[in-house]
Amino acid sequence: MKKDLHHTSGYEVNPLTLAVLSKKDEYGKTTSHVLENDTEYVISRTPTKIIDLSCSYFGASLKGRQEGTKNICGITHKAPISIDPSSGMYFFPTASPTNMLCSWIAHSHIEQIKSAPNQTTEIIFKNGRKISLDVSQGSIMNQVQRTAHFRYLLDKRLQTLPQVFVQQPELLT
């Protein structure tokens, strides 16, 4: 299947986004290679900036989402975030978000994680697409598990929220 490649200056993460990968252009500047199901985008911003702008699109900031993760499950470093929980958009960083090599992976699209040579990891997405990351399998597995835990806790809160207001309607006034 041929993948369409588009160059653009802006991008919002959406439910079709598989990953926002850090890449260097021919001048050594950090750019992003965004993978969707059948489309790829090259964006002249860092992956963390794209994630921050995507959080803003949904009414928050990356810093706010990271604080939310900390408040819900105590994760403070390489924190997974929910760009938009109602759309199931949970992403985790492959390194510290302040690191220019940090990429962001969509938790819900991962099918399999395989160890590859030289401490690299192959991620196979549910649609069959594969990427190779210069990160150990153990680190990626840890990020997947932390994201699953955060997702479970946040989803549980969101599901019980309507019941709280039914049981305590005075909270609405």
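The values are calculated or read from the model by the stated rules, or taken from the named source; none is laboratory data. The structure displayed is predicted, hence computed values, not measured ones. Cβ: placed from backbone, ideal geometry, glycine included. Neighbour counts: every protein chain shown.
Hey, can you tell me all the residues within region 87-117 that are in contact (Cβ under 8 Å) with a residue 12 or more places away in the chain, out of contact with any strand residue (DSSP E or B) (no Cβ under 7 Å at 6 or more places or on another chain) and surrounded by fewer than 17 Cβ atoms within 10 Å (Cβ to Cβ)? Before the answer, list the steps.
First pass over region 87-117, keeping only residues in contact (Cβ under 8 Å) with a residue 12 or more places away in the chain: 87-98, 100-116.
Among the residues that remain, those that are also out of contact with any strand residue (DSSP E or B) (no Cβ under 7 Å at 6 or more places or on another chain) are: 87-88, 95-98.
SER87, GLY88, SER96, THR98 - these are the residues of region 87-117 that are in contact (Cβ under 8 Å) with a residue 12 or more places away in the chain, out of contact with any strand residue (DSSP E or B) (no Cβ under 7 Å at 6 or more places or on another chain) and surrounded by fewer than 17 Cβ atoms within 10 Å (Cβ to Cβ).
Once region 51-80 is narrowed to residues that are surrounded by fewer than 16 Cβ atoms within 10 Å (Cβ to Cβ) and on the phi > 0 side of the Ramachandran plot, the residue that is modelled with the highest pLDDT is GLY74.
State whether the residues of region 14-33 include one that is in a strand (DSSP E or B), surrounded by fewer than 17 Cβ atoms within 10 Å (Cβ to Cβ) and not hydroxyl-bearing (Ser, Thr, Tyr). Step through it out loud before you land on a result.
If we filter region 14-33 for residues that are in a strand (DSSP E or B), which is where we start, we get 17-24, 30-33.
Add one more test, that the residue is surrounded by fewer than 17 Cβ atoms within 10 Å (Cβ to Cβ), and what stays is 23-24.
Right, trim to not hydroxyl-bearing (Ser, Thr, Tyr) and you get 23-24.
The answer is yes; a qualifying residue exists.
Of the strands (runs of 3 or more DSSP E) that lie entirely inside region 105-173, those containing 1 or more residues that are modelled with pLDDT of 90 or more and more than 25 Å from SER54 (Cβ to Cβ) span 110-116, 120-125.
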